[in-house]
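Written below as structure tokens is the structure these notes are about.
Computed from the coordinates by the stated procedures, all read-outs in this text should not be read as laboratory data. Because the structure is a prediction, the values reported are computed rather than measured. When we count neighbours, we look across all protein chains shown, and the Cβ atoms used for this are built from the backbone with ideal geometry, even at glycine.
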Amino acid sequence: MTSTDGDTETGTQTTAHQGTGSGARSSPFRHAETDRDAAPQFVLPLVVRIEKAAPPARTDALETAARAVLVLLSDERATAADGEWAQAVRDWQDARIRKVVRRARGAEWRRASGLPGITVTGRAPAPATAEDVTGHEDGDGDGASAAAAEVRVFPPVPLDGWPKELAKLQVSGTDLDDPEPPPAPDPTGPVLWLSPHVEMSAGKAMAQAGHGAQLAWWELDDAARAAWRGAGFPLAVRTASAERWDELTASGLPVVRDAGFTEIAPGKTVVVEGGSGFCPLPCERRL
């Protein structure tokens, strides 16, 4: 596959997943490259809101993007046999798993929000106020100093069939920072560990976090999925230390391996560490 958006489209080598409602053991992964390449190609669009004066924190944006992918995968419009998004999601998961993160602000965000999709909101960095979180609906949000991450996820679209409201959005300019170092992750929820050896823009890292969340979802049975969804999809995204990364990649936990078509060289980008419902055996997947 060739990538046209080098900043945030993740050129991926992925295994396909049949259906959205079944657990990992009833959802075999196909490994034949030709099967996936021959299938119609779809992409999962994600749009992050980045106002000029009130950008979200990087970690908040990454975690919100990961949850947004999970919210869409678990939505009845995607899981029901006759759901309006079900066929597009099946087609997307049966081909190469592609996610593209674009940015929007002001009127761009409002136009994107008018399309069918789901907006997921994260947490504003301290010491944000309620006005910071919600007070930038008018104009470009110049009056706010901090904002919770807002990511809108849309049902998959054909690779060359983007809605014009999304196609015009920029893929560059998604560099974000954390005002304070993120706290230690909650050990009761899954952690998506980013490689310390790979430098990524926030947009690229958001897509990789989304891949990790999708792997976590695939590794769970239906009961574990329902419990995770009922809890609001708690998760954390953190960058591992070099020593910790070596331990994680040798542990047999689910691994995202990017094919290196955009922004970064081929290699492992995310390790998914979770509770007992996650894969206990070597289960590296190519995404």
Original post:
Which ³J(HN,Hα) values in Hz, rounded to whole numbers, follow from the phi angles of segment 58-71 under the Karplus curve 6.51 cos²θ - 1.76 cosθ + 1.60, where θ = phi - 60° and Gly and Pro get x?
Top reply: 4, 4, 4, 5, 5, 5, 5, 5, 4, 5, 4, 4, 5, 4
Subject >> Residue-wise HN-Hα coupling along segment 221-227, computed from phi with Karplus coefficients 6.51, -1.76, 1.60 (Hz; x: Gly, Pro) >> reply: 7, 4, 5, 5, 4, 4, 5
Original post:
Which of 99/168; 164/204; 99/204; 52/164 have a Cα-Cα distance over 19 Å?
Top reply: 164/204; 52/164
Original post:
So how strong a dipole does segment 136-270 carry about its Cα centre when Lys and Arg Cβ are +1 and Asp and Glu Cβ are -1, to the nearest 20 debye?
Top reply: 520
Subject >> Spin-label zone in segment 57-80 - amide nitrogen under 20 Å from a point set 7 Å from the Cα of residue 226 along the C-beta vector >> reply: 70-80
Original post:
Quick one: net charge of residue 59's neighbours, Cβ under 9 Å, K/R +1, D/E -1?
Top reply: -1
Original post:
Remind me, relative contact order of segment 151-245 in percent, using alpha carbon pairs under 8 angstrom and six or more residues apart?
Top reply: 41
**OP:** Please list, in chain and number order, the residues 5+ apart from residue 262 or on another chain whose amide H is under 5 Å from its amide H, with Hs placed from the backbone.
**Re:** 11
Original post:
Quick one: Karplus J couplings for segment 254-260, per residue in order, coefficients 6.51, -1.76, 1.60, θ = phi - 60°, nearest Hz, x for Gly and Pro?
Top reply: x, 10, 8, 10, 7, 7, x
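Taking 25 Å as R0, compute the FRET efficiency from the Cβ-Cβ separation of residue 249 and residue 177 and round it to 0.05.
For R0 = 25 Å, the calculated efficiency reads 0.40.
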Subject >> Nonlocal amide H pairs with residue 98, under 5 Å, H built at 1.01 Å >> reply: 44
Subject >> Cut-off under 5 Å, modelled amide H: who pairs with residue 57 long-range >> reply: 147, 149
